Amino acid sequence: MHILLIVSWYKTKENPISGTFFEEQARALARIGNTVTIYCPSFIPYTSKEKEVLTDYNDNGIRTISQSIKALIPRSRKFNYKHLAKNAYKTLQHLGILSQIDIVHAHTFRFAGIVALKIKQEVKINYVITEHFTQLTVDDGITHKVDLNYAKTVYVNALKCFVVSNYYKKQIVAKLQLAEDLFEVLYNMVNKIFLNEKLHSKKKLIIFSTGFLIKRKNHTLQLNSFKLLLRSNPAAILKIAGDGPEIESIKIKIKELGLNDNVVLLGSLNRVQLLKELKKASLFIHTSLYETFGVVLIEALAMGIPIVVLDSGGPRDIVNINNGVLVKENNATSFCKAMIDVINNIDDFNPEELRKDCKQNYSEEVIISQLENTYSTTKIFKKTH
């Protein structure tokens, strides 16, 4: 089967880890005999001086096409979205992609879903969509009527709508006033490298977190909680991986709390570097205020590491009494208590069992088999090109 994977963001030379999940899914599908083409459309605002660019290259066996499309007129969202979809369709048609593919799998409605919808309208190739766009449901996220109407239209016309957690499903249904049975939960998968790595015993108390350094990730809670934890565990180390606009404020907070000797900022890590750090960690913490799922959590569990997580929605599907603690209160006292409870009972969290449970729910084999079943049981309508 030839699958066109349309993604709404993807890796670049400047940001080589963006869209890692999309690439991993594409390679997993290719490993079981499918042909996968990746297409990433991006939108250039009318006022931008950025020029349109089209790239088409073979990325280790996966044809990868990236296209930036500029708005034609100012302050006309609906017109410009149609313009983007039309141009994307023409490009894929011109490159001969649409005569080769069997199905489209779009990731998020904007802009992948909008392009997938256009393809279906023009050449009757059906599409599946996976929605995990945080901005769709956060309080300060998408509110424009054009976007919301497009989201509804994309979902209603899809052959299957996947969402990455039950919490996220409920939020989309409530916001867009759609039927619950329109959506099916399909979790993100964990990369094989985390499941295949040898598990190591831990001598030092190293607490680890990773994520973009933005306000929503709530690093202040991490640091305040860790400060309290040092009263009972003075030799503990907190390692924070990631980069982002909050880096300077985090550095200031570390200095204010007198944590320079106990907190290490690692910067942005690739998969191999992340794996190396997880091998050393005793506990994984996550303090985000909102998450649709939480891939970093299943990566930690795959490495046999228990997790302490602030209740941010999506992780409710992941955290249970056997693998960690879901903290309901957004305060340092409660979060610190949860960390101490796990540390003091660390032997209750068997690394092999944590990995086994993770593999049963989030492994490549489990998730890809669900996708394969969807693709193979879906009746595909194609015109002759």
Cβ-Cβ under 8 Å pairs, at least 6 apart or on other chains, the stretch 223-247 side under 11 Å from residue 340 (Cα atoms), far side aromatic (Phe, Trp, Tyr) and modelled with pLDDT of 95 or more: 225/335
Residue list for the stretch 133-177, filter: surrounded by 15 or more Cβ atoms within 10 Å (Cβ to Cβ) and small (Gly, Ala, Ser): 151, 158, 165
Qualifying positions in the stretch 58-68 - in contact with a strand residue (DSSP E or B) (Cβ under 6 Å, 6 or more places away or on another chain) and not polar (S, T, N, Q): 62, 63, 65
Single condition residue 335 does not satisfy, out of (1) crowded, with 16+ Cβ neighbours inside 10 Å; (2) under 23 Å from residue 279 (Cβ atoms): (2)
Residue check, residue 88 in a helix (DSSP H, G or I), assigned by TED's automatic domain parsing to the domain that holds residue 41, in contact with a helix residue (DSSP H, G or I) (Cβ under 8 Å, 6 or more places away or on another chain) and among the small types (Gly, Ala, Ser): yes
Unmet criterion (only one of (1) among the small types (Gly, Ala, Ser); (2) farther than 26 Å from residue 170 by Cβ; (3) within 25 Å of the chain's Cα centre (by Cα)) for residue 314: (2)
Residue 169 vs. criteria in contact with a strand residue (DSSP E or B) (Cβ under 9 Å, 6 or more places away or on another chain), within 20 Å of residue 8 (Cβ to Cβ) and not assigned by TED's automatic domain parsing to the domain that holds residue 340: yes
Qualifying residue in the stretch 11-27 (condition: touching a Gly at 6+ places or on another chain (Cβ under 7 Å), aliphatic (A, V, I, L, M) and under 24 Å from residue 93 (Cβ atoms)): no
Members of the stretch 212-232 found to be within 16 Å of the chain's Cα centre (by Cα) and either more than 29 Å from residue 164 (Cβ to Cβ) or surrounded by fewer than 20 Cβ atoms within 10 Å (Cβ to Cβ) (or both), listed by number: 212, 214, 216
Count of residues meeting criterion [under 17 Å from residue 301 (Cα atoms) and without any contact (Cβ under 8 Å) to a residue 60 or more places away in the chain] in the stretch 162-212: 3
Matching entry among 265, 238, 269 (being touching a strand residue (DSSP E or B) at 6+ places or on another chain (Cβ under 9 Å) and in a loop (DSSP other than H, G, I, E, B)): 269
Residue within the stretch 120-137 that is in contact with a His (Cβ under 6 Å, 6 or more places away or on another chain), in the same structural domain as residue 87 (by TED's automatic domain parsing) and farther than 29 Å from residue 93 by Cα present: no
Positions within the stretch 184-201 being over 18 Å from the mean Cα position of the chain (by Cα), surrounded by 13 or more Cβ atoms within 10 Å (Cβ to Cβ) and outside any loop (DSSP other than H, G, I, E, B), in sequence order: 195
The stretch 91-103 - residue that is of a type outside the set (Val, Ile, Thr) and assigned to a loop (DSSP other than H, G, I, E, B) and, of those, nearest to residue 128 (Cα to Cα): 102
Selection from the stretch 265-298 of residues that are surrounded by 24 or more Cβ atoms within 10 Å (Cβ to Cβ) and charged (D, E, K, R): 291
The stretch 34-59, residues that are free of Cβ contacts under 8 Å to residues at least 24 places away in the same chain and part of a loop (DSSP other than H, G, I, E, B): 48, 49, 50, 51, 52, 53
Within the stretch 104-132, considering residues that are assigned to a loop (DSSP other than H, G, I, E, B), of a type outside the set (Val, Ile, Thr) and in contact with a Lys or Arg (Cβ under 7 Å, 6 or more places away or on another chain), the one surrounded by the fewest Cβ atoms within 10 Å (Cβ to Cβ): 124
Tally of residues being more than 22 Å from residue 361 (Cα to Cα) and touching a helix residue (DSSP H, G or I) at 6+ places or on another chain (Cβ under 6 Å) across the stretch 162-181: 3
The one condition in (1) out of contact with any Leu (no Cβ under 6 Å at 6 or more places or on another chain); (2) assigned to a loop (DSSP other than H, G, I, E, B) that residue 244 fails to fulfil: (1)
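The values are calculated or read from the model by the stated rules, or taken from the named source; none is laboratory data. Predicted model, so just to flag it, every value in this text is computed and none were measured. Positions of Cβ are backbone-derived with ideal geometry, glycine not excepted, and every protein chain shown enters the neighbour counts.
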